[in-house]
Amino acid sequence: MLDFTYVAQPSRVVFAKGSLASVASEVEALGCSRALVLCTPPQRDQAEAVAKLLGPLSAGVFDGAQMHVPIENARKAREHAAEVGADCCIAIGGGSTVGLGKAIAMESPLPIIAIPTTYAGSEMTPVYGITENGVKRTGKDPAVLPKTVLYDPDLSSTLPVGMSIVSGMNAIAHAAEGLYARDGNPVMSLLAEEGIRALAKGMKGIVVTADDAEARGDCLYGAWLCGTVLGHVGMALHHKLCHTLGGSFNLPHAETHTIVLPHALAYNAPAAPEAMARIARAIGAEDGPLGLHELAKQLGAPTALKDLGVEEKDLDKACEIALSNPYWNPRPIEAAPLRALLQRAWEGAPPA
Ligand code: NAD
């Protein structure tokens, strides 16, 4: 007998090729009339195109989004939003840009319309992160959950193949950990398995033809499902380990997830056999963790922490930091197997 509590996170999701064109009506549907468009500097052109579509509903473009949301950028963005009299924000980009929108929404009640162009999934979660003095603080607040999400597969087709694959693996990580979450439920498990399946299929298509519309659509659909799982249930060893490694050694977010995932799953496999079976089924492999390692290799993704610049001598320290902050995990976290996990992830060896 399965016991669970399911609480839905309310948001409006519009998923369609070309849905960007409806951005003005989505602003009006929220009762807003001055939308500030947020982006990173390289995505300025895409943001300008959104501002043009908005016409008189645009309050301009702010291109100060940056990885890990430095507090200084969040402050500048909040000041700018107040100066131009914005009554909502449109975040076009990946997790960093959605993160900046959330940083604004934390302090002022501006609703967010998210237009994701990667597969990170932040648009479906009430989780925010802000970095101050080199430390990333994360928390949950329903006020930062985007009110509307426009998924337009055309927009992700400009994401370079290498970034698309690591971003897709990052999304799979949310679903994989959602399958053994302490607060998991059957609805999220269905979404998780389907999200992994869609992403694995889509990523195989993208490496053949980068702008294959169907493959891009599959990946974005998978990203939505995996992001939804991340927004509804708690994560465990894999996400905590990536957070620790990323923060301590300044590693790129999606690449770190891609490398660590098969190893973290192998660690948890004895305590979560049903989750592993569902992952294996979703990717068409005999074994979930090994299948994901093989999939990453097949797609040309990085598989070794040493290739991200981590030095072998840092692994003891990484292990120590990961052990210093206890958290729930399906299998107890112990020093020796954790250190062995890190060694294999560093070498790029198959998970065991
Ligand atoms: P990102 O947002 O940092 O984007 C990486 C780079 O790719 C940026 O320069 C961006 O402008 C560019 N880019 C994005 N889409 C593009 C496209 N279609 N074409 C060309 N270039 C494009 O990377 P990300 O992996 O999406 O997000 C990572 C960040 O999001 C991390 O800080 C992570 O912690 C956070 N995150 C938060 C949550 C949450 O729930 N709060 C969930 C997932 C990720």
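Computed over region 17-102, the Cα gyration tensor eigenvalues convert (square root of 5λ each) into semi-axes of 20, 15, 10 Å, ordered from largest to smallest. Normalised by the number of residues in region 148-216, the average gap of Cα pairs under 8 Å and 6 or more apart makes the relative contact order 40 percent. Close amide H pairs (under 5 Å, H built 1.01 Å from N) link residue 151 with 14, 15, 16, residues at least 5 positions away or on another chain.
Using a cutoff of 8 angstrom between alpha carbon atoms and counting only pairs six or more residues apart, the relative contact order for region 218-317 works out to 22 percent. Using alpha carbons only, the radius of gyration of region 282-352 set against its Kirkwood radius gives Rg/Rh = 1.01. So for the chain, what percent of the C-alpha to C-alpha distances run longer than 34 Å? The share of Cα pairs beyond 34 Å in the chain comes to 22 percent. Amide hydrogen proximity for residue 91: with H placed 1.01 Å from N in the peptide plane, the residues at 5 or more positions away or on another chain lying under 5 Å are 38, 113, 114, 115. Evaluating 6.51 cos²θ - 1.76 cosθ + 1.60 at θ = phi - 60° for every residue in region 15-20, the Karplus couplings come out as 10, 6, 4, x, 5, 3 Hz, glycine and proline recorded as x.
Judged by the mean number of other Cβ atoms found within 10 Å, the most tightly packed of the peptides 56-69, 315-328, 110-123, 158-171 leads the ranking 110-123, 158-171, 56-69, 315-328.
With 22 Å as the limit on Cα-Cα distance, the pairs of 102/140; 297/317; 17/201; 102/136; 17/147 that go past it are 297/317. When the Gaussian network model of the chain links Cα atoms closer than 10 Å, the mean-square fluctuations of 138, 256, 303 top out at 138.
Extension gain for the segment residue 13 to residue 52, taken as residue separation times 0.36 nm less the Cα-Cα distance, is 11.8 nm to one decimal.
Translational diffusion of region 161-347, estimated by Stokes-Einstein from the Kirkwood radius over alpha carbon pairs at 10 °C in a medium of 1.306 mPa s, is 98 µm² per second.
How far, in degrees from 0 to 90, does helix 288-298 lean away from the longest principal axis of the Cα atoms of the chain, to the nearest 10? The two axes meet at around 70 degrees.
Residues in region 106-140 near a label at residue 30, defined as backbone nitrogen under 18 Å from the 7 Å Cα→Cβ point? Only 106-118, 121-129 fall inside the zone, counting backbone N under 18 Å.
Dividing the summed helix terms, -39500 (n - 2.57) for each DSSP H run of n ≥ 4, by the number of residues in the chain produces a 222 nm estimate of -16500 deg cm²/dmol to the nearest 500. Taking Cβ atoms as reference points and 14 Å as the exclusive limit, the residues near residue 31 contribute a net charge of 0, counting Lys and Arg as +1 and Asp and Glu as -1. Considering only beta bridges that DSSP places wholly inside region 104-174, some 75 percent are antiparallel.
Our summary gives the chain a relative contact order of 14 percent, counting only alpha carbon pairs under 8 angstrom and 6 or more residues apart.
Centroid-to-centroid, using Cα positions, region 258-314 and region 113-160 are 24 Å apart.
Whole-percent P(r), region 69-216, all Cα pairs, 10 Å bins from 0: 11, 35, 34, 17, 2.
Tell me the net charge near residue 164. Cut-off is 13 Å between Cβ atoms, residue 164 excluded, with +1 for each Lys or Arg and -1 for each Asp or Glu. Here the count lands on -2. Restricting attention to region 12-156, close to 25% of DSSP beta bridges with both partner residues there are antiparallel. Cut-off 16 Å, label point 7 angstrom out along Cα-to-Cβ of residue 328: give me the residues of region 210-245 whose amide nitrogen falls inside. Counting backbone N atoms under 16 Å from the label point, the list is 230-240. Angle of helix 213-232 to the longest C-alpha principal axis of the chain, folded into 0 to 90 degrees and rounded to 10: 80°. Electrostatic bookkeeping for residue 187 treats Lys and Arg as +1 and Asp and Glu as -1; over the other residues with beta carbon under 13 Å from its beta carbon, the sum is -3. What angle do you read, to the nearest 10 degrees and between 0 and 90, between the alpha-carbon axis of helix 71-83 and the longest principal axis of the chain? The angle comes out at about 20 degrees.
Here, each number is a calculation from the coordinates, and none is a lab measurement. Since we're looking at a predicted model, the values are computed, not measured. Don't worry about glycine lacking a Cβ; one is built from the backbone with ideal geometry, like all the others, and counts go over all protein chains shown.
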